[in-house]
Amino acid sequence: MPREQKSRTTPRLLYPRRGTMSLGALFVCLLQPWSLSGLIMPNPGGSTNTSSLLNDVASLKQSVASLQSTTRQLQKDLQSTKSDLLSANEQVSKLSKNVASKTRDVAFHVSTPAADQTTYTPLTFGTILYNSGSGYNSTSGKFTVPVSGTYMFWTQIEMYDSNSQMKVRIMSKGLILATGWVSTDSNIDDAIASAQAVTHLTTGNEVWVEITEKHKLENDGSFFGGVLLLID
């Protein structure tokens with residue numbers, strides 16, 4: 001008898017179809033939103049948040065714009081300050097020149113000695129011909145130095161008296177700066193004594209003229225003066 005042939009059944013493994021696999025994977029992803037959201041939102045792993053980054057960029061742009069505006073304003077203020085400084089410097093320069101000019105303009109020239117004289121004391125002159133700097137005092141007969149520097153002084157005293165003699169001195173700080181001498185006789189009763197001096201003085205020093213003998217003096221021919229040559 002023929003042998004019975006037993007059918008051999010090979011077990012089949014069930015493999016899902018390719019299309020079914022793709023749909024299943026997509027379904028799983030949809031069920032787990034964290035798997036896609038990580039592409040655009042931060043997750044515990046530290047991925048980038050696009051929306052937050054855009055906000056930060058916008059905020060940074062605003063900050064930069066504000067800084068640029070502030071910088072422009074500062075530049076305008078700086079330019080204005082420079083202009084003000086230049087103007088102030090010009091004013092200071094003009095003022096300094098004006099003050100320097102006034103300070104250097106120190107000079108005096110006086111005449112008409114007092115009729116009532118005293119020897120070895122300041123001779124007073126009643127007529128002020130020039131007194132820039134207001135250094136000369138007609139009451140005391142003294143010139144007070146307003147600013148330190150080098151000065152020149154002069155005096156001319158005309159004596160009207162016969163058979164006489166007299167010394168004229170320019171004095172300062174108790175010292176004789178210069179001396180002039182005049183002498184007359186029976187034929188000459190009108191003569192002039194003169195003296196000049198150049199010296200350095202400091203602010204507050206006093207200068208005056210004195211005579212050693214009391215005689216009649218001519219008003220029109222007697223003078224005392226001084227001028228600042230060089231300021232310290």
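Some points to look at:
- Residues in region 174-232 that are of a type outside the set (S, T, N, Q), surrounded by fewer than 13 Cβ atoms within 10 Å (Cβ to Cβ) and outside any strand (DSSP E or B): Gly174, Asp185, Ile188, Gly204, Asp220, Asp232.
- Taken over region 201-216, residues that are over 20 Å from Asn137 (Cα atoms) and touching a strand residue (DSSP E or B) at 6+ places or on another chain (Cβ under 7 Å) amount to 4.
Residue by residue, here is whether (1) of a type in the set (A, V, I, L, M, F, W, C); (2) touching a residue at least 24 places away in the same chain (Cβ under 8 Å) holds:
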{"site": "Ser183", "(1), (2)": "no, no"}
{"site": "Ala191", "(1), (2)": "yes, yes"}
{"site": "Glu213", "(1), (2)": "no, yes"}
{"site": "Gly221", "(1), (2)": "no, yes"}
{"site": "Gly225", "(1), (2)": "no, yes"}
{"site": "Leu228", "(1), (2)": "yes, yes"}
{"site": "Ile231", "(1), (2)": "yes, yes"}
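- Scanning region 133-156 for residues that are at pLDDT below 95 and in a strand (DSSP E or B) returns no hits.
- In region 122-156, the qualifying residues are those that are in contact with a Pro (Cβ under 9 Å, 6 or more places away or on another chain) and surrounded by 17 or more Cβ atoms within 10 Å (Cβ to Cβ), and the one that is farthest from Val168 (Cα to Cα) is Gly133.
The values are calculated or read from the model by the stated rules, or taken from the named source; none is laboratory data. Here the structure is a predicted model, which is why all the values come from computation and not from measurement. Don't worry about glycine lacking a Cβ; one is built from the backbone with ideal geometry, like all the others, and counts go over all protein chains shown.
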